[in-house]
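Remarks on the structure that follows.
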Amino acid sequence: MQPKQQLLSLKPYKPGKPVEEVKRELGLEKIVKLASNENPYGCSDLAKEKINEELSQLHVYPDGYSAELREKLSNQLQVKQEQIIFGNGSDEVVQILCRAYLSPETNTVMAAPTFPQYRHNAVIEGAEVKEVQLVEGNHDLDAMLQAIDQDTRIVWLCNPNNPTGNYIPESEFVSFMEKVPSDVVVVSDEAYYEYVSAADYPNTLDYLDKYPNLVILRTFSKAHGLAALRIGYGVAKSSIIQSIEPAREPFNTSRIAQAAAIGALEDDTFIRECKEKNRKGLETFYAFCDEKGLLYYPSEANFILIDVKSDADQAFDYLLRKGYIVRSGSALGFPTMIRVTIGEEEQNKEIIEHLGAYIDSIVEKVN
Ligand code: PMP
């Protein structure tokens, strides 16, 4: 029994080995996972309180419209309630957008390397994927414009970009939006929005009226620390949201996830503190890379892509044996780089020591 032709070219998502298994295999007491850009500080206590309150209701389906969360979020974002769609993670909003707009006679334009789910879902829908290489870690917006033709339905901007961490400044975003045909959906994926500190990062919500083809994606998985619960959202003009809603499963976000998200939205202090600690952590990594002469991309997210002057998988293995799981760039389109999620202060210090020793050993071998 063969599935759709398109699926044959795709590999299923391969999660890393469970931490407990790695610990046992390598005889390690402690493993620190800095591979999936999760929040090392967990989530807000307010989110946990809301989860507890929900535990007596597990036999009841969730509210398929997420009314309470919707109201709270729409107030916070200053958009109408009908302008929001919730997903089982923003991953699912990517899937919904692809289901809604893409088919074999269409194409979609994205950067490469970027977040792989845009490509993955587009391929399943049978659409042609037009990938435009990054230039020094940045989206090449001019080349992306050139790639658009009459069959293009969606253009993806990952801002900040995963895995490079680079961002698209407001002036470039606006100039791009001015030139994109208004019937092409532009998705601004802002999964790391809360971590950004660049002053010229666009507040895309301000542009929703001006650009009716704009869709913004955000998530509770990163700074809000609710990755396990799978909840993210899209914001766009009401007519876009209403037209893609039928592609959403009726109960796609759980009762617990909605409750936790409500609690998370109430805790600005938690987000502010996580952002500050993340920025300090990034600076520690920058200082280390500068000292060792390692190339890296300045990051507006909670991870950093570092050139390890050697095969990425080799560096990955070395760090794994020291108890640190990072993401090897070999699967991300950067065969000599590793992506490290910024951890807690002590974790950053430790992994930097290990990475320093690794780099010294590489340099010694070369000399
Ligand atoms: N977009 C980007 C750029 C991401 O890095 C991720 C998570 N790795 C997602 C979307 C999806 O996040 P989630 O489904 O957890 O909301």
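The values are calculated or read from the model by the stated rules, or taken from the named source; none is laboratory data. Since we're looking at a predicted model, the values are computed, not measured. Ideal geometry is used to build each Cβ from the backbone, glycine not excepted, and the neighbour counts take in all protein chains shown.
Cβ-Cβ under 6 Å, sequence separation 6+ or interchain: first residue in the range 32-55 and touching a residue at least 60 places away in the same chain (Cβ under 8 Å), partner in a loop (DSSP other than H, G, I, E, B) and within 13 Å of the ligand (Cβ to nearest atom). Which pairs?
Matching pairs, first to second residue: N37/N302; N39/G225; G42/G225; C43/G225; C43/L226.
Identify, from the list L305, L332, the residue that is over 17 Å from F288 (Cα atoms) and in contact (Cβ under 8 Å) with a residue 24 or more places away in the chain.
L332
Would you confirm whether any residue within the range 103-126 is more than 16 Å from the ligand (Cβ to nearest atom), at positive phi, in a loop (DSSP other than H, G, I, E, B) and touching a residue at least 40 places away in the same chain (Cβ under 8 Å)?
Checking the range 103-126: at least one residue is more than 16 Å from the ligand (Cβ to nearest atom), at positive phi, in a loop (DSSP other than H, G, I, E, B) and touching a residue at least 40 places away in the same chain (Cβ under 8 Å).
What about A100, is it touching a residue at least 12 places away in the same chain (Cβ under 8 Å), small (G, A, S), surrounded by fewer than 22 Cβ atoms within 10 Å (Cβ to Cβ) and not in a loop (DSSP other than H, G, I, E, B)?
Answer is yes for this residue.
Which is modelled with pLDDT of 95 or more, within 30 Å of F176 (Cα to Cα), out of contact with any Ser or Thr (no Cβ under 7 Å at 6 or more places or on another chain) and crowded, with 17+ Cβ neighbours inside 10 Å, of I231, I256, I244, I216?
I244
Look through Y65, Y41 and report the one residue that is part of a loop (DSSP other than H, G, I, E, B) and farther than 26 Å from T269 by Cβ.
From the options Y65, Y41, the qualifying one is Y65.
How many of the residues in the range 309-367 are more than 21 Å from the chain's Cα centre (by Cα) and β-branched (V, I, T)?
Selection size over the range 309-367: 7.
Exactly one of (1) more than 16 Å from the ligand (Cβ to nearest atom); (2) in contact with a helix residue (DSSP H, G or I) (Cβ under 6 Å, 6 or more places away or on another chain); (3) at positive phi; (4) of a type outside the set (K, R) is unmet by S44. Its number?
(3)
Could you say whether any residue in the range 292-301 is free of Cβ contacts under 8 Å to residues at least 24 places away in the same chain, more than 22 Å from the chain's Cα centre (by Cα) and part of a helix (DSSP H, G or I)?
no
With surrounded by 15 or more Cβ atoms within 10 Å (Cβ to Cβ), in contact with a Leu (Cβ under 7 Å, 6 or more places away or on another chain) and of a type in the set (G, A, S) as the only criterion, which of G323, G225, G281 stands out?
G323
Looking at the range 174-227, which of the residues that are closer than 21 Å to S90 by Cα and part of a helix (DSSP H, G or I) is nearest to the ligand (Cβ to nearest atom)?
It comes out as A227.
Tell me the residue from E249, E245 that is within 16 Å of the ligand (Cβ to nearest atom), in contact (Cβ under 8 Å) with a residue 40 or more places away in the chain and more than 18 Å from P116 (Cα to Cα), please.
E249
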